[in-house]
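The values are calculated or read from the model by the stated rules, or taken from the named source; none is laboratory data. From a predicted model like this one, the values you see are computed outputs, not experimental measurements. Because the Cβ atoms are built from the backbone with ideal geometry, glycine has one as well, and the counts that use them run over all protein chains shown.
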Amino acid sequence: MLKRDFVRTLGGASLSLLFAPSQLAAFNRLSATDLAARADFWDTLRSQYLLTPAYINLENGYYSMQSEPVLEKFIAHVKEVNVLAARYMRTVQADNKRLAQERLAQMAGCGADELIITRNTTESLDTVIAGFDWKPGDHAVMAVHDYGAMLDQFKLMGRRWGITNTAVTVPFDPRSDAEVVQVYANAITPKTRLLMISHMINITGHVLPVRAICDMAHAKGVPVMVDGAHAFAQFDFRMPDLDCDYYGASLHKWLGTPLGAGMLYVKKSRIAALWPMFGDEGAAVDDIRKLNHTGTHPVHTDLTILDAIAYHESIGIARKEARLRWLQQYWTTKVRGHKNVVLFTPTDPKRTGAIANVGIVGMPPGELAKVLFDKYKVWTVAIDTAGVTGVRIAPQLFTTTQELDTLVRAIREIAG
């Protein structure tokens, strides 16, 4: 099976296959906000996922499983590539990857010549950090709450090239966008060459005002790199809306691709100045493909990106965003303010999405995570860094209110 045949097999399940026409018509008349609380709609979608009965999975932020229709496509792609073997790799591998790249760029609202497929957010953003032509004394700004792999990469640049780094502290529950913007503005100096921000802070679920921060930084002549690991395919936006210079994301999180799929966006005017991680004389200096020299890799994952996008769009990003925020608000509003309970996630729903972080006063996060799993069969992840001492709760579209009720009961009982 070559290029034309591969394309013909692509595409995830449509909602029209899940619901009777009359049901679908009724659901389509509802706004995304109204539909967010409709258990009949989301329970039907839940049937598209193979879930373990052994525990309640509330750690979907690390890796969000593929739906069964997408997983079946992935397995088919693995088999098809295996049959064609070297002939596939030597003939249509690049063309098919380009199809996935173009479709992903369309979803992101950018040019296909500004985006590449990577393995994850870490690879995407570390490629940018390492690709700068750093000089001793150069300065970079980030936050203590940013992802550790990128913080480590900045530290490596400090040891290797003599740059200095300033890590700011983002307020957990800001009163305004201006308060957040000012935190970053205060850290910028005449020597600042790069500002890194998270679209959604991975350990707290705090959604930052990306466009406002970019506007501020650009006014000072500083480019902005955005960690979008938990925002892409969870929120409805396009790259021009943000006006950032670099954006990295992991597609195996909220888009639901197989493990090992990510993306990197680089604004066209910024490509030429970046050094590639690995040497590649086959691409021009201003061609983003120079950053994508990966050697032989699992090409069936690239193909499945198209299926995951089709499945994602059959649900609709507005519905998806509303549901995930509704799920988070469902449980956080039931424990916020409760004795001995601490939430490290903003109160304002507009500053949040699916993820939130909860802690118990005096209880180490690791112990809380262990009790939640051992006693209540609720799977989470402990976070104990940068002033955040709780467990991250990351529901998915298939999460039920009954499962979240179990979480709420557990938190209240543990908190005493």
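Quick notes
- With respect to (1) modelled with pLDDT under 95; (2) under 30 Å from Phe373 (Cα atoms); (3) not hydrophobic (A, V, I, L, M, F, W, C), the lone exception for Asn60 is condition (1).
- Breaking point among (1) touching a helix residue (DSSP H, G or I) at 6+ places or on another chain (Cβ under 7 Å); (2) surrounded by fewer than 17 Cβ atoms within 10 Å (Cβ to Cβ); (3) within 18 Å of Ala386 (Cβ to Cβ); (4) not charged (D, E, K, R), for His199: (2)
- Count - residues of segment 180-215 that are part of a strand (DSSP E or B) and over 20 Å from the mean Cα position of the chain (by Cα): 3
- Against the test of being polar (S, T, N, Q) and closer than 27 Å to Ile201 by Cβ, the options Thr33, Thr52, Thr91 yield a single qualifying residue, Thr33.
- Residue within segment 279-289 that is part of a helix (DSSP H, G or I) and in the same structural domain as Ala108 (by TED's automatic domain parsing) present: yes
- Given (1) touching a Lys or Arg at 6+ places or on another chain (Cβ under 7 Å); (2) under 25 Å from Gly148 (Cβ atoms), number of the condition Asp243 does not satisfy: (2)
- Filter result (at pLDDT 95 or above and either outside any helix (DSSP H, G or I) or in contact with a Gly (Cβ under 8 Å, 6 or more places away or on another chain) (or both)) within segment 79-121: Ala105, Gly109, Cys110, Gly111, Leu115, Ile116, Ile117, Thr118, Arg119, Asn120, Thr121
- Any hit, segment 140-150, residues being surrounded by fewer than 19 Cβ atoms within 10 Å (Cβ to Cβ), part of a helix (DSSP H, G or I) and on the phi < 0 side of the Ramachandran plot: yes
- Any chance Ala394 is in contact (Cβ under 8 Å) with a residue 40 or more places away in the chain and either surrounded by 17 or more Cβ atoms within 10 Å (Cβ to Cβ) or under 17 Å from Gly337 (Cβ atoms) (or both): yes
- Considering segment 151-179, and only residues there that are in contact with a Ser or Thr (Cβ under 9 Å, 6 or more places away or on another chain) and part of a loop (DSSP other than H, G, I, E, B), the residue that is surrounded by the most Cβ atoms within 10 Å (Cβ to Cβ) turns out to be Val170.
- Within segment 28-38, the residues that satisfy the criterion of being closer than 22 Å to Pro395 by Cα and either assigned to a helix (DSSP H, G or I) or in the same structural domain as Asp236 (by TED's automatic domain parsing) (or both) are Ala32, Thr33, Asp34, Leu35.
- Residue selected from segment 220-253 under the condition among the acidic types (Asp, Glu) and touching a Ser or Thr at 6+ places or on another chain (Cβ under 9 Å), by the criterion surrounded by the most Cβ atoms within 10 Å (Cβ to Cβ): Asp227
- Of the residues contained in segment 351-365, none is found to be under 25 Å from the mean Cα position of the chain (by Cα), surrounded by fewer than 17 Cβ atoms within 10 Å (Cβ to Cβ) and not assigned by TED's automatic domain parsing to the domain that holds Ala178.
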